[in-house]
Amino acid sequence: MPPTPAKPIRIAVTGAAGNIGYALVFRLASGALFGPEQPLILHLLEIPQALPALSGVAMELTDCAFPLLQDLVPTDQAMQAFDGVDYAFLVGSRPRTQGMERKDLLRVNAEIFKIQGQALNERASRQVRVLVVGNPANTNALIASQNAPDLGENQFSSMMRLDHNRTLSILHEKCRVPVSSIHQVTVWGNHSSTQFPDLEHARIADRPALDQVDSTWYRNTLIATVQQRGAAVIKARGASSAASAASAALDHMRDWIAGTPKEDWVSMGVAANGDYGIEPGIFFGYPVACRNGHHDIVQGLALSEFARSQIALTNRELREERDGIRDLLPPSSRA
Ligand code: NAD
Ligand code: LMR
C-alpha cells in the first residue's frame, strides 16, 4: 500500500508581500523548513493597500508548481490569517531607515502585535509556535504573547538568530574555520545596538574561542560590528536586511522544531523567567537548547563582570521599551 500522505501543516506569514516575506515564502513552499515530504498551506497576511502586491506573490507561488504547496490563503484579515495555523512568522511591520534605532519603531509597530496576539489567541492551533521578526522584535513578542492569554508565553519567541549567525560568520572569517566548527555562541538581550554577543563560553574547533581571538578585538570590534550590522546593511542597500533575515527565521524555527545539537545552543528571544538575574516581564535573548519542540534556557553558565555589565545594559533598555508600551498590555498581563 502506498504511504498515507501527511496532513498539511498551516503556516502564517505576515507582511508576505514585503521584502522579508518575499524571501521567506518561496523557501517555505519549497520545503526548506519541514522537508520534502510535508505538505503545507500558506496563510499570507497583508494590509489592504498591499493586497494587489500580495496577489502577485500568490501568482508567483502558484507558478512555481511546488509539489508541497497545497493551498494559499491570502488575506487582509488577521482572524483568517491565523485560523488553525500551526506556525506563525510575524514579520509585517515597518522597517527602520538610515539614522533610526529599532526602538524608534516601537509606537509605529506595537499596535500591530496587540491585534495579532489577540487573533492568534482566538484562532490559532493551541500548539502554535510564533516567531516575531518585526522590530523591535523582543518587545513586539512581549505584546503579542501578553495579548494571547490562552496560549503559553513559551509558544512565542523573538528573533536573535540573525545576530547569532552574524557572530558565527565574523568568527568564520577571522579564524578561517568552517562555521560548523563554531559552537556555544550566545547573543544576550535585545535585538538592538545594546545586544551582547558573548564569546566567553564559545568554542572554535573544540578549543575556547577566547584562546583564539584577541580580547581587544573581541570587545572593541566583534561586539560593535554585530551590534551595528543591521545599520550597515541599511546604509549599503538602502533597505534593511531581508534575505538574511528570512534565512535566520527559518534557522530559528527549524531548531525550535527539530532540536539543537547536544552540547550546543542557539540564541533566541524568550520570555524572561528570572534566569541569569533577568526578571520576568520582557523577552530576552538567551542561550537556548531545543528538544522535543520545546525551548529551554541553558542553565549554569558563569558570567564575568564584563558579561554582567553588558547584560545589565540591554536588560535596562528592554525594560524601558516595555514601559513605553504598557498601555498595549492587558490589565491581567504578567509583564
Ligand atoms: P517591508 O516594508 O519590505 O515589508 C513589510 C510588509 O509588512 C509590507 O508589505 C507591509 O504592507 C506589511 N505590513 C505592515 N503592517 C502590516 C500588518 N498590520 N499586517 C500584515 N502586514 C503588514 O519590511 P521588511 O524588510 O520585510 O521588514 C519587516 C520587519 O522585519 C521590519 O520591522 C524590520 O525592521 C524587521 N526585521 C527584523 C529583523 C530581526 O532580526 N528581528 C531582521 C530584519 C528585519
Ligand atoms: C537587522 O538586524 O538587519 C534588522 O533588524 C533590520 C534593522 O533595522 O537593522
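The values are calculated or read from the model by the stated rules, or taken from the named source; none is laboratory data. What you are looking at is a predicted structure, and each value in this text was computed from that prediction instead of being measured. A quick note on method: Cβ atoms are made from the backbone with ideal geometry, for glycine too, and the neighbour counts reach across all protein chains shown. Heavy atoms of the whole protein, side chains included, go into the accessibility calculation; ligands, DNA and RNA do not. Shrake-Rupley method; radii C 1.70, N 1.55, O 1.52, S 1.80 Å.
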Task: Hits in the range 163-182 (condition: out of contact with any Ser or Thr (no Cβ under 6 Å at 6 or more places or on another chain) and open to solvent by less than 30 Å² (accessible area, probe 1.4 Å)) - done: Asp163, Arg166, Thr167, Leu168, Leu171, Val177, Ser181, Ile182
Task: Within the range 80-111, considering residues that are among the β-branched types (Val, Ile, Thr) and within 16 Å of ligand 2 (Cβ to nearest atom), the one least open to solvent (accessible area, probe 1.4 Å) - done: Val91
- [ ] For the range 286-322, name all the residues that are open to solvent by 40 Å² or more (accessible area, probe 1.4 Å), in contact with a strand residue (DSSP E or B) (Cβ under 9 Å, 6 or more places away or on another chain) and charged (D, E, K, R).
- [x] Asp296
Open item on the list: Among the residues in the range 102-117, are any in a loop (DSSP other than H, G, I, E, B), more than 18 Å from Glu46 (Cα to Cα) and modelled with pLDDT under 95?
Closed with: no
Task: Residue check for Thr62: hydroxyl-bearing (Ser, Thr, Tyr), over 16 Å from Leu131 (Cα atoms) and open to solvent by 70 Å² or more (accessible area, probe 1.4 Å) - done: yes
Task: Single match in Gln195, Gln212 (criterion: surrounded by fewer than 19 Cβ atoms within 10 Å (Cβ to Cβ), in contact with a strand residue (DSSP E or B) (Cβ under 7 Å, 6 or more places away or on another chain) and of a type outside the set (A, V, I, L, M)) - done: Gln212
TODO: Would you tally the residues in the range 99-117 being within 10 Å of ligand 1 (Cβ to nearest atom) and either touching a Cys at 6+ places or on another chain (Cβ under 8 Å) or free of Cβ contacts under 8 Å to residues at least 12 places away in the same chain (or both)?
DONE: 1
Open item on the list: Can you say whether Ile204 is more than 16 Å from ligand 2 (Cβ to nearest atom) and more than 24 Å from the chain's Cα centre (by Cα), as far as the supplied structure shows?
Closed with: yes
Task: Top-ranked residue of the range 183-192 - restricted to ones that are open to solvent by less than 10 Å² (accessible area, probe 1.4 Å) and within 16 Å of Trp265 (Cα to Cα), ranked as nearest to ligand 2 (Cβ to nearest atom) - done: Val187
Open item on the list: Give all pairs with beta carbons closer than 9 Å in which a residue from the range 196-220 that is at positive phi meets a residue that is surrounded by 13 or more Cβ atoms within 10 Å (Cβ to Cβ); count only pairs at least 6 apart in sequence or on separate chains.
Closed with: Ala205/Cys175; Ala205/Val177; Ala205/Ser181; Ala205/Ile182; Ala205/Gln212; Asp206/Ser181; Asp206/His183
Task: Options Ala246, Ala242, Ala224, Ala205: the member that is surrounded by fewer than 15 Cβ atoms within 10 Å (Cβ to Cβ) and either within 29 Å of Gly18 (Cα to Cα) or basic (Lys, Arg) (or both) - done: Ala224
Task: Residue that is farthest from ligand 1 (Cβ to nearest atom) [pool: residues in the range 119-169 that are part of a helix (DSSP H, G or I), in contact with a helix residue (DSSP H, G or I) (Cβ under 6 Å, 6 or more places away or on another chain) and farther than 22 Å from Ser93 by Cβ] - done: Leu168
TODO: Taking the residues in the range 255-285 that are away from ligand 1 (no atom under 16 Å from the Cβ) and within 23 Å of Ala29 (Cβ to Cβ) as candidates, determine which candidate is most open to solvent (accessible area, probe 1.4 Å).
DONE: Ala258
